[in-house]
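The values are calculated or read from the model by the stated rules, or taken from the named source; none is laboratory data. Keep in mind that what you see is a predicted model, and the values were worked out from it rather than measured. Note that we place each Cβ from the backbone using ideal geometry, even for glycine, and neighbour counts take in every protein chain shown.
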Amino acid sequence: MKALIGAALVLAVGLSVGCSDDEDEPSIFDDIVDPNCADICDAFDACVRDSDVGRCIDQCDDATEVDAVADQAERCEDCLDDKSCAEARVCWSDCVQVPEMTIGGAIPPVGPGY
């Protein structure tokens, strides 16, 4: 009988430790990135200038928490979709811009003579 009570006590303690509700623990949802940001930052790195793509994605993802910026990122990604770097130049003026994108200066303008 003592063995049964001891086993039940060990099981109860084990279950209570495994079910903590610690709000400081990172959530799986903290790592979700706006897919538009990944595409935008990859294209920027490939087509405009070398950049820290991870930092760009983090900055873009933070910025897209605002609905208007998220909409802008979606329009930008739609514009960039399936375009070569030369074709994508027309997209950059309407894209979300984050600090990582401006380290080497402003994004080059597009228009006659450029």
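Values for this structure:
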read-out: Meets criteria (at pLDDT below 95, within 18 Å of the chain's Cα centre (by Cα), surrounded by 16 or more Cβ atoms within 10 Å (Cβ to Cβ) and in a helix (DSSP H, G or I)) for residue 38; value: yes
read-out: Residues within segment 50-72 that are under 9 Å from residue 34 (Cα atoms) and not charged (D, E, K, R), tallied; value: 4
read-out: Within segment 78-114, considering residues that are more than 22 Å from the chain's Cα centre (by Cα) and β-branched (Val, Ile, Thr), the one modelled with the lowest pLDDT; value: 110
read-out: Filtered residues of segment 48-67 (kept if out of contact with any Phe, Trp or Tyr (no Cβ under 9 Å at 6 or more places or on another chain) and either within 13 Å of residue 97 (Cα to Cα) or of a type in the set (Lys, Arg) (or both)); value: 49, 55, 57, 58, 59, 60, 61, 62, 63, 64
read-out: In segment 54-73, the residues that are in a helix (DSSP H, G or I) and surrounded by fewer than 16 Cβ atoms within 10 Å (Cβ to Cβ); value: 54, 55, 62, 67, 68, 71
